[in-house]
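Please read the structure below before turning to the comments.
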Amino acid sequence: MAARDTAWGPMELNRAAAQEAAEALRAAGWELELQLPNLPLIAPEGEAKDLVRRAKEEDAEPVWRGDAFLLLGKAQDLPAVLEHCRDELGYALLYDATAVDPSVDSAELKLIYGLRNLQTKARLIVQARVPKTEAVVPSVALVYPAADWHEREAAEMYGITYTGHPDPRKLLLPDDWAGFPLRKDYEYPEEYNGISCT
Amino acid sequence: MNSHPAARFDDKPGREVELDVATQDCMIHMGPQHPATHGVMRVLLKADGEILAGAQTHLGYLHRCAEKIGESVDWLQYLPYTDRYDYLAAMNNNLGYSLAVESLLGVEVPERAQYLRVIVAELNRIASHLFAVGTYGLDLGAFTPLFTALRDREEVLELFEKICGARLTYSYVRPGGVMNDAPEGWLASVAAFLDGFEKTWHEYWTLIAENKIFIERTANIGVLSAEQALAWGCSGPMLRGSGIDWDLRRDQPYLIYDRLEFDVIQGVGYRGQVGDCFDRTFVRMFEMVESVRILRQCLEQIPDGEVLHEEVGAVIRPAPGESYVAIENPRGELGHYCVSDGTKIAVRVRVRSPSFCNMSVAEHLMPGAMLGDAAAIIGSVDIVVGETDR
Amino acid sequence: MGVLENSLPESILTTRVDWMVNWARSSSLWPMTFGLACCAIEMIAVGGPRFDVDRFGAGAFRATPRQADLMVVAGTVNFKMGERVKRLYDQMPGPKYVMALGACATGGGPYHKYGYTVMKGVDRIVPVDVYVAGCPPRPEAFLDGLMLLQQKIKRQRVIRAQPKDVIVPQGTEAHPA
């Protein structure tokens, strides 16, 4: 049984795995950054409530909590990096592939891939960034078939083009749907095929 | 591994027809209104005679914009929506989301709340598996399993009604703990339910494992190999049914699961091969037994104390950051990827739902099966469409 | 007796045609198995042993619209599904009735504000006879809705033609003044 250090799972294990993977991938010649959160996993007493207010008052450097992840320098590397993770580092299972639109002002979308290693029990989050105006990224569906539906969903929700995707149809939305709903600047439709949306 | 449904679906099938007759592929639409799809999902089947040559799944008939809502309402206001994507295991969904929010808040809930969470989650797992096995019987043409399963499921729902007032959508587990402590005598009634359930479990097992028709329709049907299950990101009974020893409760322990003793059930090829439809049902059946074991230990160990963390109020402002937290839902790995910028509204609430990933492999189990097996294969995945479409 | 209004000796029964037909229709409603979302689970629970909808003559769930006369829209209807709902409704033989079960089918429910694909009420595409409140409605609420529908059917005129597919505002038909 893996060691549990927080009520939501073995976070130290996952963080150590991220550090290890970062070194291994750097050694293999890929350009990437290891992003480590600078807040403790468990907040000291009283901080959970006041953290944000105090951070604003002091105008201090940005703080963040949560998972460590690898940020790839180039989104074009994604399939090759993930293939390396699968074949050399033992991350046999891709559990999630998605995207995040950080804010309306942000010029970039974040792509997020989550991998699991069933031997070491660790998981690894790999991120990359693509510009919103030209969101084109190679698909990893041929490396991990699990990414197939996830990428189709991200494509229709964020307007990302996954080049080389074997089946680039819409998944959840109707075929004639306009717009990308999960983008922050999405405007809700007034009507769809003559049926009012409000 | 790299072959793809679209490619396979549109090409002429490679199967040689032995008889010298002209055959034509027949397209059959199964759904969106079809009782065996467990909701509204459409599977387009390509049949050559009675043998399936391919299948294509169409989703989206219950897309309810959960992820957009997640970034439009407060952290706490989103809780009732988590009930509604997997409505058969709403307690587990509440739990998954609450843990994700707590990981950004950096709070660990009081011990009593952790035990209560495990108790309701495991009770919900029993209710969900009962329903899964019951409706699976219905898919295969047997009414008895469903009606007997509903009998015991109602007992669980009654327990939930006592603790939170709702039958289906609970919002009982919330960020910071649980909504309220268990009413007096509730833990005793859980124990009483377990005593009764242990006896009736054997009835269900007899209905399934001794039923010749059930065995014929599930054994050696829809065999999912371990490699396929891994490649397609399966989880839960789907992954374990294929003989992979993986359970988040043990391998990424959350809450107090590391203090509890239980076995991870794997498919063993009980009536056929490892990874067939029967094995997935086998895993579900015996997971209920393990849940009973877990519940008994929880009832023994549960301490007194607070059930809600004092620093978590009505308006939550988690620290900025990104966090992925996964729990073992009855259907598999339910993960929430939450991104916060320190305000009271999330930047992103991504739901990684188990049915979505498990369903993506189902269409690859179809080629070569008989037309009648399509319902058996889809039913054995145990999908909840609210979760595949969110 | 109670079943038919008058009875004469030698096994001759007399009644009004309206009454007779409505009695038959209202006590053997055949619903279509049409579970969409959360409410469908409660609909199945109603069919189960504890609530037993068979007591009201509505337990014969049919898998095809051709054999059904009650469509229970149990759950959220989105635009992709709405098209199918309409098509299924059109396939049902008359007289046919629709029950909007739960907040989503009634008016979008919790998805009203931010649900971009959610249809804000199924009455925008098919005429609804009974609305049942709740998210999801309890089985008792489902049974209450069913009984309201039966009351409504009992007030129908069979011999005289009546307009079809007219949305009757809630409260006017089932609860006459």
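Tabulated results
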item	result
Residue under evaluation B:PHE286, criteria (1) touching a strand residue (DSSP E or B) at 6+ places or on another chain (Cβ under 7 Å); (2) surrounded by fewer than 24 Cβ atoms within 10 Å (Cβ to Cβ), criterion not met	(1)
Hey, A:PRO168 over 14 Å from the mean Cα position of the chain (by Cα) and more than 8 Å from every other protein chain (Cβ to nearest Cβ) or not	yes
Among the candidates B:ARG117, B:ARG112, B:ARG84, residue that is assigned to a helix (DSSP H, G or I), away from chain A (no Cβ under 12 Å) and either over 24 Å from B:THR135 (Cα atoms) or at pLDDT 90 or above (or both)	B:ARG112
Residue tally, condition in a loop (DSSP other than H, G, I, E, B) and buried (at least 24 other Cβ atoms within 10 Å of the Cβ), over the stretch B:365-382	2
All positions within the stretch A:10-38 that are within 7 Å of chain B (Cβ to nearest Cβ) and either at pLDDT 85 or above or in contact with a helix residue (DSSP H, G or I) (Cβ under 8 Å, 6 or more places away or on another chain) (or both)	A:PRO10
Test: residue in the stretch C:62-77 that is over 25 Å from C:SER27 (Cβ atoms), surrounded by fewer than 24 Cβ atoms within 10 Å (Cβ to Cβ), out of contact with any strand residue (DSSP E or B) (no Cβ under 6 Å at 6 or more places or on another chain) and more than 9 Å from chain B (Cβ to nearest Cβ)	no
Conditions (1) assigned to a loop (DSSP other than H, G, I, E, B); (2) more than 10 Å from chain A (Cβ to nearest Cβ); number of the one not met by B:SER291	(1)
Of all residues in the stretch B:221-262 being among the hydroxyl-bearing types (Ser, Thr, Tyr) and within 12 Å of chain A (Cβ to nearest Cβ), the one that is nearest to B:GLU108 (Cα to Cα)	B:TYR254
Residue in the stretch B:142-156 that is nearest to B:GLY196 (Cα to Cα), counting only those that are facing chain C (nearest Cβ under 8 Å) and of a type in the set (A, V, I, L, M, F, W, C)	B:LEU150
Verdict on B:VAL156 being in contact with a Leu (Cβ under 6 Å, 6 or more places away or on another chain) and β-branched (Val, Ile, Thr)	yes
Residue selected from the stretch B:299-337 under the condition aliphatic (A, V, I, L, M) and touching a Phe, Trp or Tyr at 6+ places or on another chain (Cβ under 7 Å), by the criterion surrounded by the fewest Cβ atoms within 10 Å (Cβ to Cβ)	B:ILE302
Filtered residue count, the stretch C:114-132, keeping only those that are outside any loop (DSSP other than H, G, I, E, B) and either more than 7 Å from every other protein chain (Cβ to nearest Cβ) or among the polar types (S, T, N, Q) (or both)	5
Which listed residue is touching a Ser or Thr at 6+ places or on another chain (Cβ under 8 Å), within 14 Å of chain A (Cβ to nearest Cβ), surrounded by 23 or more Cβ atoms within 10 Å (Cβ to Cβ) and not in a loop (DSSP other than H, G, I, E, B), from B:SER98, B:SER103	B:SER103
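The values are calculated or read from the model by the stated rules, or taken from the named source; none is laboratory data. This one's a predicted model, so the numbers in the text were calculated from it and none came from an experiment. Methodologically, a virtual Cβ is constructed for each residue, glycine included, from the backbone with ideal geometry; neighbour enumeration extends over all protein chains shown.
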